[in-house]
Amino acid sequence: MTNSTDNGTESADDQPARTPPPAQPNYDNAFDAIVVGAGLAGSAAAITMANEDLDVLMIERGAYPGAKNVFGGVMYTPTIRDLVGMDGAPIERYVGQRRYAMLTEEDEVSASMNIGDWHEEPHNDSFTVLRGEFDEWFAEQAVEAGATLITETTVTDLIRENGYIVGVKTDRPDGDVRAPIVVLAEGGNSLVSEGADLKAAPDRKDVAVAVKEVVEFPGDSDEIIEDRFRLGDEDGAAYHYFGEGAAGKSFGGGFIYTNDDTVSVGLAYRIEDSISQGINPEKRLNEFKSHPAVAPLFKDARTVEYTAKTIPEGGADAMPDLVHDGALLVGDTAGLVLNNGVHLEGTNMAVESGYHAGKAVVEAFNSIPATERTAGAASGAATARADGGMVIPSSHLQSYPDRLEESFVVKNLEHYEWLIHRVTEDKELLFEELPEALADAAAEYFAIDRQPKQVHGERAKERVLGTLGGLRGLVKLGWRYRKLVR
Amino acid sequence: MPEVDVDEYKDIWVFIEEHAGEVAPVSWELLAEAKQLMDEKPDDEELVALVIGSDVDDVAEEAIARGADRVLVADDPIFEPYRADPYGKQFRELVAERKPDIALIGGTTTGRDFAGRVAVPTHAGLTADCTQLGIDDEGHLEAGRPAFGGNVVATIKCEAHRPQMATIRPGVFEPLDRDENREGEIEHVDVAVEEDETVTEVLEREVGDTADITDADRIVAAGGGVEGDLSPVERLAEALDAEVAASRKAVDEGWIQHARQVGQTGKTVRPELYVAVGISGAVQHLEGMNDSDVVVAINNDPNAPIFDHADYGIVGDLFEVCDELVAAFEDADDPQEVLA
Amino acid sequence: MTDNWTVVVGIKQVPDEDDVTIDPDTGTLNRAEAAAILNPPDRNALEAALQLKDEVGAEVIAFTMGPPTATPVLDLAVALGCDDAALISDMAFAGSDTWPTSLTLAYATEYFDADVGIFGEETTDSSTGQVPPGIAAHLDWAQLTYVEDLDPRPEDDQLVATRDVEGGHEVVAADLPVIVAVGYGDNEPRPAGLHRKLYAETEFEPIELDAEELGIDPDEVGLDASPTQVGGMDTADPVEREQKVVDSVEDLAAAIAEEGVV
């Protein structure tokens, strides 16, 4: 059967003979870089490298990217917007409403904001998302840029030769694969990086536990959510709580985020507090949800998901070395999480770090003359490899940590570094005494009886100042935290 | 497609499965159901039992006592033990010669093994794993079978082809009691197979050492919750005069043999009483026992799905609950005493 | 026959049962969201075939009868170790019941000059289990169903199988060529090797066969060639359960006794 085309050259019989599968396919050094983990940091690095025509292999242990992610949460998307645009990104709601509340066991004192600008594009680049869908979409952008993604495969260790990292080991049979660069984007549980001595196991106090439930409402769940939280059909709310009524007597807090037809509610607090005080995360979460000011939001709610995760919290001081001979660390693995009770941010920094790491890898490759690539040695590198693969020393990758330091990532971490120290020092005051004082003061100030307003006002003021140590105490506290508004 | 004159085909045939003289219970269940279907058939048609085996005269007689009008017997050592190719060939030859309208086979490993060997060369319509049978106004067989994990019942018809064949799930229909006074005709037919034509040989056959839980009236099943210790389940089974069964988890962990597994990858059971001990209630397990008359669940997780699919449940430590239940039933000579 | 056996494995893409949810309010099934996966019993079939490859150096070719969207199951087969894989696809096959399906697969089995054809015991979406015996009948080959274990004996041109039957097991020897249906869950499927998985998911293109290439007359397949038709589909009423959770074992024992089942 022939087709009659203009040239009459092509016919079914002229199609090239098909090559059957090779007996033993081998992909060692077929890729320029291996990215461990297809979460936000990994995909960002992969997109950046693939955009510049590097061959990238992403190895993800979940059944799909995002399967293994546990997340609050609100995603901050300026870098994602710059990298791939937000068209088609699966977001739930944009954040149109924020609320910060202090909870004692029975009281709530809060400040709520609903900013007009947030309701206009680009919505302050703040969205609630479901990570399974979002990460899958983001990884797909990497695949569309030319990267290769394999899932259900866990990287178990790094392969080292002469001090260089030259590939990874996985849990599959015949599971070693080599490449000149390995980007470690493993997330908070960075077992490979720790196992390979690229970073120390986190100090107990530097890690937080987060527990989260996703709930839905019977019937038209989205409409019920819009009623309860006073929303339209596209905007959403992000509520943050701290104090004893939230995460108990520990350094941490609670959160509520509205998705399209579900609500995420959870707690995050320091792991050392959880162990030393015998806090049961599930019980604590139930108590938070049962708080008189919180419970009405969850009437009739049905739990559809329950998850827990650890979040690195250490700040700028706890960051490991970001580059090694043949490898880079990005995202949560690199400790790039900001959690100071007021801001919870990890995703934005993950993407940013992946981007900068990817750029550094591209520059490293571009700086090596083509002749030296196949010969097996990067310029300045110590050894050529027996298998013909290339090695890249950390010196060639230095632009990554340099750029990161200039970026908001490290700047924010450092800026709030001291805040974490401060808050730890003032923990009891801030998480227990002050919320109680404010609540008592509010109750006092707003008490309706036959006494003059002035009397109540005085008592309220006394209640707060008494806790703070008088007016001087108040001034001192303001001074301690001046950097917040510097 | 070969044209077939459906009017030429008459009678309902039921295959009587026997091994070494022992008849599979599903055969009598099928015969009873077929007898009901005969009510919708013209009076001149017969209910015919098909017996293929070696030394099977008494089986043929029992078939009459259980409801058959006629029994066709192919009796030869070549048919013992069972093999798909000689059984298939014999059945096929008989079908071609006698033109049955409907042919029913029990859905056992044997029945499902050779039914296709008959249906394919005769271009018959074969519906497998049926749980319902009926005849519509035009006289066509309506075979109902579960689909999509049992949540949907599909009705299959075969209007233009004959015979209309179906394999039927064991344990669904009720057998008729023997009526020694029933009369019918036993006809020996020519054996259509030679040994040198066969392509398989049974080297070994060991049955009876493993239980057949599909017959049990009461079952106590162990799940992942027993954590390797089957003794509470075994004791409870003894106290209730029940068979011991298990979920896939227990079998995968090696705590009990595969023959006792209930569920999608195990057996389907329909006992009067099914006690699920430490079983979470996954859909794949439910599929195997959801037609039990009374389901009791014992689990320490109040959110376990099994409670939605049970008539009675208790949240607690299965080791304690089982022991207490055993005490309650053992002490009573008459179970009704428990109510006092 | 060549020195090494040629083994074909028939596999099928089905909706993932775990994703099929039941709406708690109406009791109806929701299949639309279900992902498409390899029919789970076919995993055992592939494993049995690959064990034959390990033991006697058989060449293993997987095939699937389905639309072009079914190729992921072929990628998986190659990733696991199959030497090659084929998509059997043709509009003419649409609406086939087990008769024309087993006919098509019989033609495919012969096309590859197979000595052994291995299939899963049944599919999780149709559950008839009739296709493997149907294929054996079309080809007039020996058949071995409900197989737990295979013992290849190339020197005798035989395949010996342990069959799982009610109340026990059988060991049956079959003369080649033979069709095998492997029992669901009866072996431990191996994971795919890393490099084969990479190859299968990035570069592998299956052989494509249509009715004409297999030598099948379109009148023999498809809806019109199917002796059985689906007369109706009714949602089975969900089994009504009392759902009574009691507080004490005494109450439980009483409930059981009252039901009269002991």
Worksheet, complete the sentence: Condition set among the acidic types (Asp, Glu) and at the interface with another protein chain (Cβ under 7 Å from one of its Cβ atoms), scope the range C:225-249, selection nearest to B:Ala166 (Cα to Cα): answer is C:Asp234
Worksheet item: Could you give every pair whose Cβ atoms fall below 6 Å, whose first residue belongs to the range A:353-381 and is assigned by TED's automatic domain parsing to the domain that holds A:Asn162 and at pLDDT 55 or above, and whose second residue is surrounded by fewer than 20 Cβ atoms within 10 Å (Cβ to Cβ) and among the basic types (Lys, Arg), counting only separations of at least 6 or pairs across chains?
Response: A:His356/A:Arg403
Worksheet item: Listed residues A:Asp53, A:Asp87, A:Asp117, A:Asp135; which is of a type in the set (Asp, Glu) and crowded, with 16+ Cβ neighbours inside 10 Å?
Response: A:Asp135
Worksheet, complete the sentence: Those residues of the range B:84-109 that are within 10 Å of chain C (Cβ to nearest Cβ), surrounded by 24 or more Cβ atoms within 10 Å (Cβ to Cβ) and either more than 20 Å from the chain's Cα centre (by Cα) or more than 21 Å from B:Ile156 (Cα to Cα) (or both) come to a total of 2
Worksheet item: Only one residue in B:Pro271, B:Pro232 is in a loop (DSSP other than H, G, I, E, B) and either touching a Phe, Trp or Tyr at 6+ places or on another chain (Cβ under 8 Å) or more than 8 Å from every other protein chain (Cβ to nearest Cβ) (or both), so which one is that?
Response: B:Pro271
Practice prompt. Among the residues of the range C:250-262, write down those that are small (Gly, Ala, Ser) and at the interface with another protein chain (Cβ under 7 Å from one of its Cβ atoms).
Written response: C:Ala253, C:Ala254, C:Ala255, C:Ala257
Response to the item:
Only one of (1) free of Cβ contacts under 8 Å to residues at least 12 places away in the same chain; (2) of a type in the set (S, T, N, Q); (3) part of a helix (DSSP H, G or I) does not apply to A:Thr467, and that is (1)
Item to complete: May I ask you to verify whether C:Glu205 is in a helix (DSSP H, G or I), more than 9 Å from chain B (Cβ to nearest Cβ), over 14 Å from the mean Cα position of the chain (by Cα) and surrounded by fewer than 22 Cβ atoms within 10 Å (Cβ to Cβ)?
Response: no
Worksheet entry | Members of the range B:120-135 that are within 7 Å of chain C (Cβ to nearest Cβ) and either in contact with a Phe, Trp or Tyr (Cβ under 7 Å, 6 or more places away or on another chain) or in contact (Cβ under 8 Å) with a residue 40 or more places away in the chain (or both) | B:Val120, B:His123, B:Ala124, B:Gly125, B:Leu126, B:Thr127, B:Asp129
Worksheet item: Quick one: how many residues across the range B:283-305 are in a helix (DSSP H, G or I) and either crowded, with 24+ Cβ neighbours inside 10 Å or polar (S, T, N, Q) (or both)?
Response: 4
Fill in: A:Thr258 vs. criteria in contact with a Gly (Cβ under 7 Å, 6 or more places away or on another chain) and more than 14 Å from every other protein chain (Cβ to nearest Cβ)
yes
Practice prompt. Go through (1) assigned to a loop (DSSP other than H, G, I, E, B); (2) more than 24 Å from B:Gln284 (Cα to Cα) and name the single condition B:Gly171 misses.
Written response: (2)
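Here is a yes/no grid of residues against (1) buried (at least 19 other Cβ atoms within 10 Å of the Cβ); (2) touching a residue at least 40 places away in the same chain (Cβ under 8 Å); (3) within 16 Å of the chain's Cα centre (by Cα); (4) facing chain C (nearest Cβ under 7 Å):
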| site | (1), (2), (3), (4) |
| --- | --- |
| B:Arg112 | yes, yes, yes, yes |
| B:Asp137 | no, no, no, no |
| B:His140 | yes, no, no, no |
| B:Arg145 | yes, no, yes, no |
| B:Cys158 | yes, no, no, yes |
Worksheet item: Quick one: which of A:Lys483, A:Lys453, A:Lys476 is in contact (Cβ under 8 Å) with a residue 12 or more places away in the chain, surrounded by fewer than 19 Cβ atoms within 10 Å (Cβ to Cβ) and farther than 19 Å from A:Glu105 by Cα?
Response: A:Lys483
Response to the item:
Okay, strands (runs of 3 or more DSSP E) sitting entirely in the range A:91-163 with 1 or more residues that are at pLDDT below 95, I get A:91-103, A:108-113, A:126-129, A:155-161
Practice prompt. Select from the range B:276-317 the residues that are within 8 Å of chain C (Cβ to nearest Cβ) and closer than 26 Å to C:Thr124 by Cα and list them in ascending order.
Written response: B:Val283, B:Gln284, B:Asn290, B:Asp291, B:Asp293, B:Val295, B:Phe307, B:Asp308, B:His309, B:Ala310
Practice prompt. Only residues that are touching a Pro at 6+ places or on another chain (Cβ under 8 Å) and either over 30 Å from A:Gln24 (Cβ atoms) or more than 11 Å from every other protein chain (Cβ to nearest Cβ) (or both): list them for the range A:123-178, please.
Written response: A:Asp125, A:Val129, A:Leu130, A:Glu133, A:Phe134, A:Asp135, A:Glu136, A:Trp137, A:Phe138, A:Ala139, A:Tyr164, A:Val166
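The values are calculated or read from the model by the stated rules, or taken from the named source; none is laboratory data. What you see is a predicted model, and the numbers here were worked out from it, not measured in a lab. No Cβ is skipped: glycine too gets one built from the backbone with ideal geometry, and neighbour counts run over all protein chains shown.
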